[in-house]
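Colleague: Below is a structure I'd like to ask you about.
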Amino acid sequence: MNIIKKLKYYTSDTNVMIKRNIVHTVRNLESFLTTILLPVFMMLAFVYVFGGAINVGTMNYVDYVFSGIIIISIAFSASIVAVGVNKDFTKGVIDRFRTMNISKSAIFSGYVFSSMLRNIISIVIITLIAFLIGFRPNATFLDWLMIIGMLLLFIFSFTWMVVMTSILANSPESASGLSMIIVFIPYVSSAFVPPETMPKALRIFAQNQPFTYINDTLKALFLGNPVGNNAVLAIVWCAGIFIFSYIVAQIIYSRKIE
Amino acid sequence: MTLVKRNETVIEVRDLEKSFKTIDVLKGVSFNVQRGSIFALLGSNGAGKTTTIKILSTLLKPQSGSAKIEGFDVIKHPGSVRDTISLTGQFSTVDELLTARENLTMIGNLLHLSDVKSRVNDLLEKFNLMEDADRMVATFSGGMKRRLDIAMSLLGTPSVIFLDEPTTGLDPKSRISMWKMIKEFASIGVTIFLTTQYLEEAEYLADRIAILHDGKIVIEGSVSEIKQMIPTVFIILHLNNESEKLKTLNIYKNRNAEIIQGTNHVKVESDGTTVDILDILKKLESNDIVASSFEQKKPTLENVFLKIVNNEV
């Protein structure tokens, strides 16, 4: 088969897979809504309930917490990917696709791109609500472009990690459980409270983990502050997570036929 | 009309071996399947039926041995094999959140068919799913899901269809319509390879049967050939009470007498000749037992199967 035909098949297969995943989201709307509503409620709770007690300096708390809420919403939406991917693998859907000569990249791309689409929708909704409750970013046009770029890169690599762990899990329940662990990691970062307020061990972890770099980058861009080397570290982490997850996912996928 | 060349080997399996960690599932499995025939692989749970079907449909690699489909080696040319086969797994792989039509259209698009719409309509019609075509599959009955599953397998017009336990979990009515469909495919030259635990099903459907036990094919042949391998018939004696039953059991020990559970019937083996049957009846008389009636039953595949399994164990 020549390369052009292969590429044509890949694009058309990827399209079919993305469509399939989007229809799943639409027909299973409550789980999608949950991944939007939960971060919104968290944002409201942080701003109106805990926010008063958390000292973030002179800054408006919603401005402080907004980037963290976005990160949490991305983490929450991982559960949709986790359950979807794992069901396909454990219920024989992938077996059917595999006996049909469909490229595995098309299958994986379907998961990743539909996840990106879901995340973009929920981030837009959360951002609008944040504006309603007093979120006032200082970002320039260029900052906004960088924010979008950073978010897309983060969602992309993060989804790959979830895809990888979900193939590994034995059941949709354990896949969903694994994604819950991932949801927990952002709490121990700069997302909600300054890491300096944490006990030493946690603080060292919080200051050096990828969510903190990503969050600090986003926060600086929103507030119009200099990003420092956080952006570079965030990009390196995302690239690393993607490469690692991609390779491991391929290995597990081909292991399944040994 | 499809031109059907019978007596042409479509599936050729030689010395397949497969083990998972320390468990040897297949220990040298060989058989051939002819074009347009229905081949049933029988075996109890865990005998290796699904493993065999997965190797043949390129989902698993064997440790050793070879398998060719339409002349293509499943290990060296999985792509070419996939173009000629379809697999309907043991658990239906229909997408529950899509409608029947969407399921079929998705597969049609993935196969890059040029006339997806009309093919989908044909299959919906053929599989009696037209009325429910636009309902979400989650609301379908087990039989409807299975029909859709098989319809999805046929979109690519495969020449070999693998069906892993196609009627497991279906109600009797759906099972009969499934049987009808399978026979129809075979009649137009499609080769069917199916696995089943239902001996009755293999007996009804298959041209040839292979019994997989302990990782090996213990018997292979046509239904009648296999039945001939144990030339006995069963004489079922209808007795009147418990003590007669036990007594009878004792008298016919050498004929492998067995009580048919929940009844007053005792089953004994015979070679089916009048002399032999008379011998059975005379023995009954000389022991002062009066049976209310008796019947003769031909052995079913189940008997063959149980006999083989018991002998091996």
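Quick note: the coordinates plus some simple rules give every number you see, no bench work behind them. Quick caveat: nothing in here was measured; it's all calculated off a predicted structure. Cβ atoms come from the backbone with ideal geometry, glycine included; neighbour counts cover every protein chain shown.
Colleague: To test your reading of the geometry: what angle, between 0 and 90 degrees and rounded to tens, separates the Cα axis of helix B:274-286 from the longest principal axis of chain B?
Modeller: 50 degrees
Colleague: Per-residue Cβ counts within 10 Å, from other chains only, averaged over A:86-98: what number is that?
Modeller: The mean count of partner-chain Cβ atoms within 10 Å per residue comes to 5.
Colleague: Return the FRET efficiency for the residue pair residue A:133, residue A:244: r is the Cβ-Cβ distance, R0 is 41 Å, and the value is rounded to the nearest 0.05.
Modeller: Result of the calculation: an efficiency of 0.65.
Colleague: Would you mind ranking B:175, A:203, A:136, A:20 so that the residue whose beta carbon has the fewest other beta carbons within 10 Å leads the list?
Modeller: Going from sparsest to densest Cβ surroundings: A:136, A:203, B:175, A:20.
Colleague: Here are some pairs, B:49/B:173; B:76/B:117; B:49/B:183; which of them have Cα atoms lying more than 31 Å apart in this structure?
Modeller: Over 31 Å apart, Cα to Cα: B:76/B:117.
Colleague: Test of understanding: what is the full-extension gain from residue A:168 to residue A:181, defined as 0.36 nm times their sequence separation minus their Cα-Cα distance?
Modeller: Result: 3.2 nm gained on full extension.
Colleague: Right, next: Tilt of helix B:301-312 relative to the longest C-alpha principal axis of chain B, in degrees (0 to 90, nearest 10)?
Modeller: With both axes taken from Cα atoms, the answer is about 80 degrees.
Colleague: Report the extension gain between residue B:286 and residue B:241 in nm, rounded to one decimal, defined as 0.36 nm multiplied by the number of residues separating them, less their alpha carbon distance.
Modeller: 14.4 nm is the gain from fully extending residue B:286 to residue B:241.
Colleague: For region A:130-176, just the Cα set please: Rg and Dmax, both in angstrom.
Modeller: Rg and Dmax of region A:130-176, Cα atoms, are 16.8, 46 Å.
Colleague: Over chain A, what lengths in whole Å, largest first, do the semi-axes of the equivalent ellipsoid take, defined as the square roots of 5 times the eigenvalues of the alpha-carbon gyration tensor?
Modeller: After scaling each eigenvalue by five and taking roots: 34, 18, 18 Å.
Colleague: Given springs between every Cα pair under 10 Å in a Gaussian network model of chain B, which of B:24, B:164, B:15 has the largest fluctuation?
Modeller: B:24
Colleague: How far apart, in nanometres, would the label points at residue B:125 and residue B:30 be if each is projected 7 angstrom from Cα along the Cα-to-Cβ direction?
Modeller: Distance between label points: 4.7 nm.
Colleague: Using a Cα-Cα cut-off of under 21 Å, which lysines could be cross-linked to residue B:245, ignoring same-chain neighbours fewer than 8 residues away?
Modeller: B:253, B:267, B:282, B:283, B:297
Colleague: For region A:2-256, what is the number of Lys pairs with C-alpha distance below 29 angstrom, counting only pairs 8 or more positions apart or on separate chains?
Modeller: Lysine pair count for region A:2-256: 23.
Colleague: Let me ask another. Compute the long axis of helix A:29-45 from its Cα atoms, compare it with the longest principal axis of the Cα atoms of chain A, and write down the angle in degrees, 0 to 90, nearest 10.
Modeller: The two axes meet at around 20 degrees.
Colleague: What Kirkwood hydrodynamic radius do you get for region B:25-65 when you take the inverse of the mean 1/r over all pairs of distinct Cα atoms, in Å?
Modeller: By the Kirkwood definition, the hydrodynamic radius is 11.4 Å.
Colleague: Over the Cα atoms of region A:94-190, Rg to Rh with Kirkwood Rh, two decimal places?
Modeller: Result for region A:94-190 is an Rg/Rh of 1.07.
Colleague: So, one more: Taking 0.36 nm per residue of sequence separation and subtracting the Cα-Cα distance, how much length would be gained by fully extending the chain between residue B:139 and residue B:180, in nm to one decimal?
Modeller: 12.3 nm
Colleague: To continue, here is another question. For the protein assembly as shown, what does -39500 (n - 2.57) per DSSP helix run (n ≥ 4), summed and divided by total residues, give at 222 nm, in deg cm²/dmol to the nearest 500?
Modeller: -18000 deg cm²/dmol
Colleague: Shifting gears a bit: How many percent of DSSP beta bridges within the protein assembly as shown run antiparallel, rounded to 5?
Modeller: 65 percent
Colleague: Gap in Å between the Cα centre of region A:58-76 and the Cα centre of region B:186-236?
Modeller: 66 Å
Colleague: Something else now. For chain B, what Kirkwood radius comes out of the mean inverse Cα-Cα distance, in Å?
Modeller: Value: 21.9 Å, from the Cα pair sum.
Colleague: Next question, about the same structure. Looking only at other chains, what is the average number of their beta-carbon atoms within 10 angstrom of each beta-carbon in B:92-103?
Modeller: 4
Colleague: When N counts the residues of the protein assembly as shown, how does its alpha-carbon radius of gyration compare numerically with 2.2 N^0.38 Å, as a ratio?
Modeller: Rounded to two decimals, the normalised Rg is 1.29.
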